[in-house]
1. Which length gain, in nm to one decimal place, applies between residue 66 and residue 261 when the Cα-Cα distance is subtracted from 0.36 nm times their residue separation?
2. Taking Rh as the Kirkwood radius computed over C-alpha pairs, what is the Stokes-Einstein D of the chain at 37 °C in a medium of viscosity 0.692 mPa s, expressed in µm² per second?
3. Order the peptides 131-144, 287-300, 199-212 from the highest to the lowest mean number of other Cβ atoms within 10 Å of their residues.
4. With +1 assigned to the C-beta of every Lys and Arg and -1 to the C-beta of every Asp and Glu, and no other charges, what is the dipole magnitude of the stretch 6-316 about the Cα centre in debye, to the nearest 20?
5. Could you go through the stretch 100-111 in sequence order and give the Karplus-derived ³J(HN,Hα) for each residue, using 6.51 cos²θ - 1.76 cosθ + 1.60 with θ = phi - 60°, rounded to whole Hz, and x for Gly and Pro?
6. How far is it, in nm, from the label point at residue 54 to the one at residue 231 when both lie 7 Å from their Cα along the line to the Cβ?
7. Would you grab the residues whose amide H sits under 5 Å from the one on residue 40? Only those 5+ places off in sequence or on another chain, please, with H modelled 1.01 Å from N.
8. Mind checking the full-extension length gain between residue 288 and residue 117? Use 0.36 nm per residue of separation minus the Cα-Cα distance, one decimal, nm.
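We did not get these values from a lab; they are worked out from the coordinates using the rules stated. If you're wondering where the values come from, they're calculated on a predicted model, not measured in any experiment. Quick reminder, even Gly has a Cβ in these numbers, built from the backbone with ideal geometry, and neighbours come from all protein chains shown.
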Amino acid sequence: MNQLPIIDISPLYTDDTHAWQSIATQIDRACRDWGFFYIKGHPISAARIEAVLDHAQRFFALPTAEKLKIDITQTQHHRGYGAIATEQLDPSKPSDLKETFDMGLHLPADHPDVLANKPLRGPNRHPSMPGWESLMEQHYLDMQALAQTLLRAMTMALGIERDFFDTRFNEPVSVLRMIHYPPRHTASSAEQQGAGAHTDYGCITLLYQDAAGGLQVRSVNGEWIDAPPIDGTFVVNLGDMMARWSNDRYLSTPHRVISPLGVDRYSMPFFAEPHPDTPIECLPGCQDAAHPAKYPATTCAEFLLSRFADTYAYRREPQAV
């Protein structure tokens, strides 16, 4: 129990029912034991990852004033650039030593949710870089499709209908994020980490990480273990929303990033979250008389906004439009 499982999901792109069941069983075991696993055999090409990483590196190398043209603190729907120390994932530590770019499902200004001023809904705010917008918008859609393929496999183990998650991920609030972690020597103190210990907020996260390393996962016995980069894989983990849906059958596991020594680290997590109005309540197959539902019902948007308020200082202040 000191190494995360690696699951080849290529059978999920076939019609072989037995192969699907085998992958579903492996995912179910990983979700129960770890809440973390690697996937290989996915359809996201190495060329795509290289292109997205190259664009991210060039964006973060821009002057701060240029990046702040899309300052995330100046929007109501959490899109754009987050400067270093904008986030504090572990309240016992200094704010995180990282800078970020966040995007979601692009909704135009005349979309009903945008006109209704619903939280987390609106247009993306992209930097003025050649090729950036078309690349990132396509990558977002492809990562969403990959996440939903994994979720379809989970339905087999959770005993719910095959399209359960598909119907709830119509116009989702999923987030594609680019992260730059400066080298450790730039920290404000020895206590400042790249990303403090935390659990993810939402449903399921798919993470690309570069060769620098630094991701650590807390095992069920409390040990911090390394989750090193493995070529051609994504690290997958579950968030608090999935833990609530599954009544803690599936783990939302604490993890952190220790900034590497002497090098910059880049990662690209995709946070798959459903439509904001989706009810989040215990699944039928995850409760019985001996295991009643642990959590009150909520909605995706209510839950995410409550977690954002804990993490982002600007979410607790009056916002500028």
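1. Details: separation 195, 0.36 × 195 = 70.20 nm, distance 2.72 nm.
Gain on extension, residue 66 to residue 261, equals 67.5 nm.
2. Numbers: Rh = 20.1 Å.
Rounded, D is 163 µm²/s.
3. On the way: 131-144: 16.4, 287-300: 12.2, 199-212: 21.7.
In descending order of packing, they fall as 199-212, 131-144, 287-300.
4. 560 debye
5. 9, 10, 10, 9, x, 6, 6, 10, x, 4, 9, 5
6. 1.8 nm
7. When sequence neighbours closer than 5 places are left aside, the close amide H contacts are 7, 8, 9.
8. Details: separation 171, 0.36 × 171 = 61.56 nm, distance 3.91 nm.
57.7 nm is the gain from fully extending residue 288 to residue 117.
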